[in-house]
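The next block holds one structure in the form of C-alpha cells; read it before the comments.
The values are calculated or read from the model by the stated rules, or taken from the named source; none is laboratory data. All figures in this text were calculated on a predicted structure; none of them were measured in a lab. Ligands, DNA and RNA are stripped out before the accessible areas are found, and what is left, the full protein with its side chains, is counted by its heavy atoms. Shrake-Rupley method; radii C 1.70, N 1.55, O 1.52, S 1.80 Å.
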Amino acid sequence: MSLKNNKNSNEDEDDTISRTNDLLKTAARLRKEAEALEQSMRSRNISSSSAAGGGGGGKTKQGTDVDLSTTVAANQQDDTLPSNNSMKNKFYTCLKDSTWMISYRFASDAVNRDNSNDNDSSSPKPTFYSGKVKVTFQADGYTTMLETPPPPPPPPQDSTHEAAAKINSSSNVLKFQKFWGWDEETSRDDGMQYLLFSADVLLPESDPNYSKMMAKQRFYFQCRVNNDSKTGEISMSDGTVTIKKDIEPPGGFWGVFNGGGILAQFRYCGNFLMKPWSK
C-alpha cells in the first residue's frame, strides 16, 4: 500500500513538472512575439520620423535619428517650385498695358456664319486659317505684336498629293504684318463695352483670293469686354473677325458707311478668342 501511494505521488509530480515546462515554453514564445511586435513598431516610427525630417543623422524632437543634410536639400528643392501666387491665372482689371493671346480662325474672304461662301458662285472659295498671336494693348492706344510661333498651314482643299504638298509648304501660311491701334467703345445697341482693333495680314500666294496688288488685307477684330463686378477682372467673349468690302448698291446691311464717296460694309470672316497672358 505504501509503494502504491509513492508511485501515485511520483506521477503527480511528473505531471506538474510537465505542465510547468509547457507554461514556460508558452511564456517564452509570447515574449518573443511581443519583442518582435515592439521592434516592428519601433522601426515604423523611425521610418515615419525619417520621412518627415528628411532621413537620419540628427535628432528630432522625439529623439529619432534623421539626416539633416537631406532635409536641407529637400528645402532647397521646395524653394525652386512655383509658389501658389505664381501658379494663379493671370488676369487684368484694365486693358491698358495688358497682354493677350489671341486664338483665331477666319477666312481670307467674307463667309456666312455657317462657313459657306458669302460671295457669288463665280468667286473662289475662301481658305480658312487658324493659329495664335500674342499682342499687348499699350496705354497710349497702340497695339504691339509679340513673337508667336507660326500658325499651322490650312488643311488641303482636295485629296491629290500635289495639292497636299502645296498646302503643307511654308508659303501657304498667312502672316500678321502689323496691328493697329485699339479702342474700347460702348455699343448703342446693347450698352455693352466692346474692344476694337485691326491688323494687316499677308495672304500666301496659294490662297485663291491672293493678288499681288492686294496681297495685304486688313482684318477687323471686335469682342465684348466683360467685367466682374466683385473682382474687377476683365474677360473677352463673342470675338468676330470681319473684312471691309465695297458694296453696290447700298442699303439693308449693318456697318455701311460712306468714306470718300465709296460705299463699304464689314463682312463676317470668322471668330477669335482672347486669354490674358502673363509677361
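Quick notes
- Backbone geometry of the range 130-137 corresponds, through the Karplus equation with coefficients 6.51, -1.76 and 1.60 at θ = phi - 60°, to 3J(HN,Hα) couplings of 9, x, 9, 9, 10, 9, 10, 8 Hz, x marking Gly and Pro.
- Phi to ³J(HN,Hα) by Karplus 6.51 cos²θ - 1.76 cosθ + 1.60 over the range 197-208, Hz, x for Gly, Pro: 7, 9, 8, 8, 10, 8, 7, x, 5, 6, 5, x
- The range 96-108 - phi-based ³J(HN,Hα) in whole Hz, Karplus 6.51/-1.76/1.60, Gly and Pro as x: 5, 6, 9, 10, 9, 9, 9, 9, 10, 8, 8, 8, 6
- Ranking of Lys132, Lys178 by solvent-accessible surface, largest first: Lys132, Lys178 (1.4 Å probe, protein heavy atoms only, all chains present).
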